[in-house]
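Novice: I am attaching a structure below and will ask some questions about it afterwards.
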Amino acid sequence: MTTPEFPITRRAMLRGVGAALALPWLEARVATRAVAAPAAARPPVRMAVLYVANGVHPDLWTPAGEGRDFTLSPTLEPLSDLKDDILVLTNLWNKGSEASEGHYVKTSGFLTCTTVTKTLGVDLSCNGVSMDQVAARGIRGQTPLPSLELAMDPVSTGVDNNVGYTRVYGSHIAWAGPTSPLAREINPRLVYERLFRAGRPRADAVAQDKLLLDRVLDDARALRDRLRAADRHRLDEYLQGVRSLEERLGRTGGAGPADWRPRAPLDAAAAPPETDPRAHADNVRWMLDMIALALQSDTTRVCTFMFGNAVSGRNFSFLEGVRGGHHNISHHENKPEALQMYYLINRWHMEQYAYLLRKLRGMKESDGTVLDHSMILFGAGLRDGDSHNPHNLPIVLGGRAGGRLSAGQHLVYPKDSPLSNLYVSMLDAFGTPVERFADSTGRLAGVLA
């Protein structure tokens, strides 16, 4: 139904916006003329970041021992057969996230190491560019997709009145610029279509995609002035994703040679099934499979994945011994039963991380495996979900980055060493070195080989 204040139906408007966001192959069509590595060339380095909401059980995370002589903790035990392929990093913190607010600053600033602007949504800004996007820009034009942003939860909108922040901050770790959170795909099947189409472009696809986005944005601009304030606010939040697609089309359009070829086949018959929202564990595995395929095929070399948004209330009752939602359980108040459920959720997430590392390790490539030529970061923006403590963050880095990482260690740093120093080290290993990132003071000792 339309009204004088809302002359276009919400269903029609969102259908138009959804059309743009449901074109997951937009940037894939743009950069089909990407560099193909010769068969004998050294395999490229890949990077992925897996983000988990709500922190970890603080007493069951840190390994015993240091250096190469260490014993995995109960939470990290699923990585036991991967011990020589990981770095566990202790005493890192993100200074930019040190604020009274519990979750949103720590999520949106996880890869930027900046302090986001406190806002209800009008002046959204993370005040930086995320580390993954620095890496992606450094190899621009070498792969069909500059980067791949994935998640399990749809973008949250509205305001968390408990803390006075827009919930949009809790839905993004990848930022192309201070006001440009990158649109994420939450459907594994659509991710596969995005990868599959990357190598099968149409000559007129770029122009058609830009035309569709232009129409959606023009309709939104014309509509905005006729909406009530609350609806204008919601529309602005939702269109952040559309604008990020528009920016990426312009950023990647048309550059590079025409001889890119996938390093591994993309078989249409291997597409994930239609997503069942109730099957969270299955959907996570499918999404991890898509990450592995994207990296193996070299369709992209940069990927981020959010297991859940900030304040994720995902119900984990599908795990034996767990009853209830993730966020509520993370506020354990040191109660033994809640702490045990918290640990079981943490361990499940670590099992998924281990699954991805094993999958990459099983992909043979040149003189090693895809894992040997990758960096896969697992982390959270806070340590303990009950205290919202941002110190001593839970951080693991898997893979060897083509021999650039000194894997197989538990590295313990002085208290409150900058997380940004790890990112400087990772950018170096990725082949896109920077002198400084956010509040960094140098490379993180012991990480690089």
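Novice: Give me the accessible area per residue for the stretch 342-433, probe 1.4 Å, as a whole number in Å².
Specialist: In whole numbers, the stretch 342-433 has 26 Å² accessible per residue.
Novice: Now for a different question. Met375: accessible area at probe 1.4 Å, nearest 10 Å²?
Specialist: Approximately 0 Å² for this residue.
Novice: Same structure again: Can you give the accessible area per residue of the stretch 140-189, in Å², using a 1.4 Å probe?
Specialist: Averaged over the residues of the stretch 140-189, the accessible area is 30 Å².
Novice: Which order do the peptides 272-284, 383-395 take when ranked by the mean count of other beta-carbon atoms within 10 Å per residue, highest first?
Specialist: With the highest mean Cβ count within 10 Å placed first, the list reads 383-395, 272-284.
Novice: In whole percent, how big is the carbon plus sulfur part of the accessible area of the stretch 57-131, probe 1.4 Å, protein atoms only?
Specialist: 49 percent
Novice: Show the residues, 5+ positions off or on another chain, whose built amide H is closer than 5 Å to the amide H of Leu377.
Specialist: Ala48, Val49, Leu50, Gly398
Novice: Indicate the gyration tensor shape class of the stretch 73-174 (rounded, prolate or oblate), computed on the Cα atoms with a ≥ b ≥ c the square roots of the eigenvalues: a/c under 1.5 is rounded; otherwise a/b larger than b/c is prolate and the rest oblate.
Specialist: Since a/c reaches 1.5 but b/c is at least a/b, the shape of the stretch 73-174 is classed as oblate.
Novice: Pull out the extension gain between Lys415 and Thr441, defined as 0.36 nm times the separation in residues minus the alpha carbon to alpha carbon distance; nm, one decimal.
Specialist: Stretched fully, the Lys415-Thr441 segment lengthens by 7.9 nm.
Novice: Moving on to the next point. Using a/c under 1.5 as the rounded threshold, could you call the stretch 290-449 rounded, prolate or oblate? The axes a ≥ b ≥ c are square roots of the C-alpha gyration tensor eigenvalues, and prolate needs a/b larger than b/c, oblate otherwise.
Specialist: Since a/c reaches 1.5 but b/c is at least a/b, the shape of the stretch 290-449 is classed as oblate.
Novice: For the stretch 278-372, what does the alpha-carbon gyration tensor say about shape, rounded, prolate or oblate, given a ≥ b ≥ c as the root eigenvalues, a/c under 1.5 as rounded, and a/b over b/c as prolate?
Specialist: Prolate, since a/c reaches 1.5 and a/b exceeds b/c.
Novice: Between Val302 and residues 5 or more places away or on another chain, which pairs have amide H atoms under 5 Å apart, with H built 1.01 Å from N, and which residues are they?
Specialist: Amide H to amide H, under 5 Å and 5 or more residues apart or across chains, Val302 pairs with Met47, Leu148.
Novice: Kindly write out, for the stretch 300-308 in residue order, the coupling ³J(HN,Hα) from the Karplus curve 6.51 cos²θ - 1.76 cosθ + 1.60 (θ = phi - 60°), rounded to whole Hz, with x marking Gly and Pro.
Specialist: For the stretch 300-308, the Karplus curve yields 8, 10, 9, 8, 10, 9, 9, 4, x Hz.
Novice: Taking 7 Å along the Cα-to-C-beta vector as the label spot, tell me the Ala281-Asp69 distance in nanometres, rounded to one decimal.
Specialist: 3.9 nm
Novice: Amide H neighbours of Ile395 under 5 Å, at least 5 residues apart or on other chains, H built in the peptide plane: list them.
Specialist: Leu89
Novice: Counting only protein heavy atoms and using a 1.4 Å probe, what share of the accessible area of the stretch 277-410 belongs to carbon plus sulfur, as a whole percent?
Specialist: 46 percent
Novice: Further question: Which whole-angstrom value gives the distance between the alpha carbon centres of the stretch 402-449 and the stretch 264-324?
Specialist: Using only Cα atoms, the two centres lie 28 Å from each other.
The values are calculated or read from the model by the stated rules, or taken from the named source; none is laboratory data. This one's a predicted model, so the numbers in the text were calculated from it and none came from an experiment. Note: ideal-geometry Cβ built from the backbone for every residue, glycine included; neighbour counts use all protein chains shown. Only protein heavy atoms, including side chains, enter the accessible area calculation; ligands, DNA and RNA are left aside. Shrake-Rupley method; radii C 1.70, N 1.55, O 1.52, S 1.80 Å.
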